[in-house]
Amino acid sequence: MVDNLNPDRNPDGTHTVRETTIVTKSGGMNTLLIVLLAVAAIVGLLFATGFWSADVKNGALPEVSVQGGALPDVDLDSKEVVVGTTKAEIDVPKIKTEKEEVSVPTIGVRDGKTDEKK
């Protein structure tokens, strides 16, 4: 008799043992390779567009000598500016004020609770 509920059981009553091995590849090397290729492509693009330049020649820093010194001599002929006061007679407008009684607008606030009868 065949046991349909347990397909691992053989018709003679023995069991078959199945071994399943799951092999997973580590994506570390693939990821590293993709990152290195992306960096190389970006560097190549920067050189191709001229953002980076590899025009390297033998060279050295320039030699600079600094000596103490003084300000240069300057011969300057200029005019003299004179500032002062003098007496003069000019027309000056005068404003006079007077007190006068007038009606002015007022502003107030009511609370809405008035005892007005209509």
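The values are calculated or read from the model by the stated rules, or taken from the named source; none is laboratory data. These numbers come from a predicted model, not from an experiment. Here the Cβ is made from the backbone with ideal geometry for all residues, glycine too, and neighbour counts use every protein chain on show. We work out accessible area using only protein heavy atoms, side chains counted, and drop any ligands, DNA or RNA first. Shrake-Rupley method; radii C 1.70, N 1.55, O 1.52, S 1.80 Å.
The table below gives the values:
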| quantity | calculated |
| --- | --- |
| Residue within region 49-59 that is surrounded by 10 or more Cβ atoms within 10 Å (Cβ to Cβ) and either modelled with pLDDT of 90 or more or not aliphatic (A, V, I, L, M) (or both) present | yes |
| Qualifying positions in region 14-29 - part of a loop (DSSP other than H, G, I, E, B), open to solvent by 100 Å² or more (accessible area, probe 1.4 Å) and not acidic (Asp, Glu) | VAL17, ARG18, THR20, THR21, ILE22, VAL23, THR24, LYS25 |
| Count of residues meeting criterion [under 30 Å from the mean Cα position of the chain (by Cα) and open to solvent by less than 90 Å² (accessible area, probe 1.4 Å)] in region 30-45 | 7 |
| Pairs where the first residue, in region 50-75, is among the hydrophobic types (A, V, I, L, M, F, W, C) and the second is not in a loop (DSSP other than H, G, I, E, B), C-beta under 6 Å, 6+ apart | TRP52/LEU46 |
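This table checks each residue for (1) at pLDDT below 80; (2) out of contact with any Ser or Thr (no Cβ under 9 Å at 6 or more places or on another chain); (3) of a type outside the set (Lys, Arg).
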{"residue": "ASP8", "(1), (2), (3)": "yes, no, yes"}
{"residue": "THR14", "(1), (2), (3)": "yes, yes, yes"}
{"residue": "GLU19", "(1), (2), (3)": "yes, yes, yes"}
{"residue": "THR24", "(1), (2), (3)": "yes, yes, yes"}
{"residue": "GLN67", "(1), (2), (3)": "no, yes, yes"}
{"residue": "LYS79", "(1), (2), (3)": "no, yes, no"}
{"residue": "THR86", "(1), (2), (3)": "no, yes, yes"}
{"residue": "VAL92", "(1), (2), (3)": "no, yes, yes"}
{"residue": "GLU101", "(1), (2), (3)": "no, yes, yes"}
